[in-house]
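Novice: Sharing a structure, written as structure tokens. Questions coming.
Please treat every number below as a calculation from the coordinates, not as lab data. All figures in this text were calculated on a predicted structure; none of them were measured in a lab. Quick reminder, even Gly has a Cβ in these numbers, built from the backbone with ideal geometry, and neighbours come from all protein chains shown.
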Amino acid sequence: MVDDKTLVAEAISARERAYVPYSHFSVGAALLDAHGKIWHGCNIENASYTPTNCAERTAFFKAVSEGVVDFVAIAVVGGAAGEPISDWCAPCGVCRQVMREFCDPQNFRVLLACAPDEYKAYSLDELLPQGFGPDNLERAACNHEHH
Ligand code: THU
């Protein structure tokens, strides 16, 4: 079993691979899947700016592209590149929406950390209340059939 502390430590090491020549803000993520495997992610920036991918989405897209779609938790750390983490780094709205696609809002846990033993845990529902997800489209399709 992967505990919270381990997941945060993995996010801290994932951050070392961040490619951030423009913002100089490096982010690391460690995504725990339902099989107990950890997927690492870092942010990857681009000279054209908008193609930038956040650390959280890097981790999700690596996992999903390898056939994994069941997740338990993600740890996220971020801060000025080359410096130790000194503040919480909360996932951006786009990353929260990507989590909503694959994770149960009540059960999926998001750990925001400054150090392995200094973290705050939230459910996805707390970070993305009243989110729009796959179930909304399923209900709409169902209603359509009945009319
Ligand atoms: N970033 C992440 O990777 N994850 C977050 O949770 C917040 C923002 C990245 C995007 C960009 O490369 C840099 O941080 C500054 O916005």
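Novice: Using a Gaussian network model of the chain with C-alpha springs under 10 Å, which one of Ala121, Ala47, Ala34 is most mobile by mean-square fluctuation?
Specialist: Highest fluctuation of the listed residues: Ala47.
Novice: Relative to the longest principal Cα axis of the chain, at what angle does helix 134-146 sit, 0 to 90 degrees, rounded to 10?
Specialist: So the helix axis and the longest Cα principal axis differ by about 10 degrees.
Novice: Let me ask you something else. If you line up the long axis of helix 4-14 against the longest principal axis of the chain, both from Cα atoms, how many degrees apart are they, to the nearest 10?
Specialist: 70
Novice: For the chain, modelled as a Gaussian network with Cα springs under 10 Å, which listed residue fluctuates most, Val64, Val77, Val27?
Specialist: Among Val64, Val77, Val27, the largest GNM mean-square fluctuation belongs to Val64.
Novice: For the residue pair Cys142 and Gln97, what label-to-label distance in nm results when each label sits 7 Å from Cα along the Cα-to-beta-carbon direction?
Specialist: Each label point is offset 7 Å from its Cα along the Cβ direction, giving 2.4 nm.
Novice: Give the residue from Gln130, Val8, Cys89 lying farthest towards the positive end of the charge dipole for the chain; charges sit on Cβ (+1 for Lys and Arg, -1 for Asp and Glu) and the dipole is referred to the Cα centre.
Specialist: My answer, from the dipole projection, is Cys89.
Novice: Given 0.36 nm per residue, what is the gain on full extension from Glu83 to Glu126 after removing their alpha carbon distance, in nm?
Specialist: That pair, Glu83 and Glu126, stretches by 12.6 nm at full extension.
Novice: Using the alpha-carbon centroid of each, what span in Å lies between the range 1-38 and the range 79-94?
Specialist: 11
Novice: Among Trp39, Trp88, which comes first, second and so on when ranked by fewest other beta-carbon atoms within 10 Å?
Specialist: In order of increasing Cβ crowding within 10 Å: Trp88, Trp39.
Novice: Something else now. Quick check for me: using +1 on Lys/Arg Cβ and -1 on Asp/Glu Cβ, what's the dipole size of the chain about its Cα centre, in debye to the nearest 20?
Specialist: I would put it at about 260 debye.
Novice: With the chain treated as a Gaussian network of Cα nodes joined by springs under 10 Å, which of Ser123, Ser26, Ser48 yields the largest mean-square fluctuation?
Specialist: The residue that fluctuates most here is Ser48.
Novice: Relative to the longest principal Cα axis of the chain, at what angle does helix 55-65 sit, 0 to 90 degrees, rounded to 10?
Specialist: 50
Novice: Tell me, Arg100, Arg17 in order of fewest to most beta-carbon neighbours within 10 Å?
Specialist: Ranked by crowding around the Cβ, least crowded first: Arg17, Arg100.
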